[in-house]
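The values are calculated or read from the model by the stated rules, or taken from the named source; none is laboratory data. Bear in mind the structure is a predicted one, so any value in this text is a computation, not a measurement. Here the Cβ positions follow ideal geometry from the backbone for every residue, glycine too, while neighbour counts run over all protein chains shown. To get the accessible areas, we keep the full protein, side chains included, count just its heavy atoms, and leave off ligands, DNA and RNA. Shrake-Rupley method; radii C 1.70, N 1.55, O 1.52, S 1.80 Å.
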Amino acid sequence: MHTRITALFGIDKPLICPGMSYIAVPELVAAVGNAGGLGILASGPLTPEQTRAAIRRVRELSDKPFGVGVTLLMPGAAENARVALEEKVPVINFSLGKGDWIVEQAHRYGGRVIATVTTEKHARAAERIGADALLVTGHEAAAHGGAVTSLTLIPAIRDAVKLPIIAAGGFADGRGLLAALALGADAVAMGTRLAATRESPVHANTKGMIVGKAVNETIYSSKFDGIPCRIMDTPTARKRSRRSLTLVEAVPRAMAAARRAGLPLGRVLAGVFARPAAVKQLAQFGAATEAIRLAIEDGDHARGVQLIGQSQGLVRDLPSVQELFERVLIEAGRVRAGLPGAITVRSR
């Protein structure tokens, strides 16, 4: 199946693995590329040195195009983006920040840039700065989806801009792929579905929970990491979503997060007085990052919290990436063949 996205990135299938922290590791990214899709390496938890090593590891495992994701609001993200640019990564995906400098530098070596957006306003802004494609994240998605569902957000953004669109939020099978294409997208990102594959590094306990959960068993709250975020519904997740940090709680956590990211502690202390909201956000992110790691790497849901989309309820097994992609395209073809050739609408 060929679309504007497959042509833009030189891939065979319009199927994308987004840059999920602790999940989109080199092995999964390479497996997605080798299966014909585009894998986006997660750089959020990594230092610049680790990001460089991970990029080179992907290249050892696959000669296919791949990307690196950077969440610009997070500590150390700009430094990781610069590493990706230095390494001339084929695709860079930025979110939650201004990425005009990334676009400019990536285009110098022929790289492509995806901007993650959740509104028409941000889609137009990304088009103005020269982004090559959009990752449009609907309300159903894991982590930081928008306030609007994919069913209405994708066509709204399709009408607003001319850029190719990758639809994210609620997509896990061939039916979803075909629906996204009908809505105006050119590919789908299937983070939750790819988290439950054999190549995924997600702990077996957590994979089992994904398979067992229904579509309605998620929580959407701004109190987990400071931004509206979708997580798996568990007792720990409910507790972590009840209240935000106070400034007194935030300062030591923000300093710990800055230390892990290699940022000067003086910058955090200065921010306590100049930008207390930013310090609280840094602390929320830092605390959330550790909880996410515990769920993914250790399968610990007494202390950990799993970012997950509503499409978890469509996940019923743990195939390989290759098997999943073949299944998705076969199902999309079968569903398309079963649609009526023409539908007549009669008005009264």
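Worth pointing out:
- The base-10 log of I(q)/I(0) for the range 197-241, evaluated at q = 0.30, 0.31 Å⁻¹, reads -1.04, -1.06 [Debye formula, identical scatterers on Cα atoms, solvent excluded].
- E331/K88 FRET efficiency (R0 41 Å; Cβ-Cβ; nearest 0.05): 0.70
- The chain: antiparallel DSSP beta bridges as a percent of all, rounded to 5: 20
- Expressed as a whole percent, the accessible area of the range 28-118 that falls on carbon and sulfur atoms is 47 (1.4 Å probe).
- Accessible area per residue for the chain is 45 Å², calculated with a 1.4 Å probe on protein heavy atoms, without ligands, DNA or RNA.
- Gain on full stretching of the segment that runs from K223 to R242 - 0.36 nm per residue minus C-alpha separation: 6.2 nm
- Heavy-atom accessible surface of the range 178-232: percent carbon and sulfur, 1.4 Å: 54
- Among complete DSSP H helices in the chain, those whose alpha-carbon atoms stretch at least 24 Å along the helix's long axis and whose mean Kyte-Doolittle hydropathy reaches -0.5 are 276-293, 321-338.
- Label-to-label distance for R59 and A160 is 3.6 nm, based on points extended 7 Å past Cα in the beta-carbon direction.
- Note on the range 25-143: percent of Cα-Cα distances in each 5 Å bin, starting at 0 and stopping at the bin with the largest distance, equals 2, 13, 23, 24, 22, 13, 4, 0.
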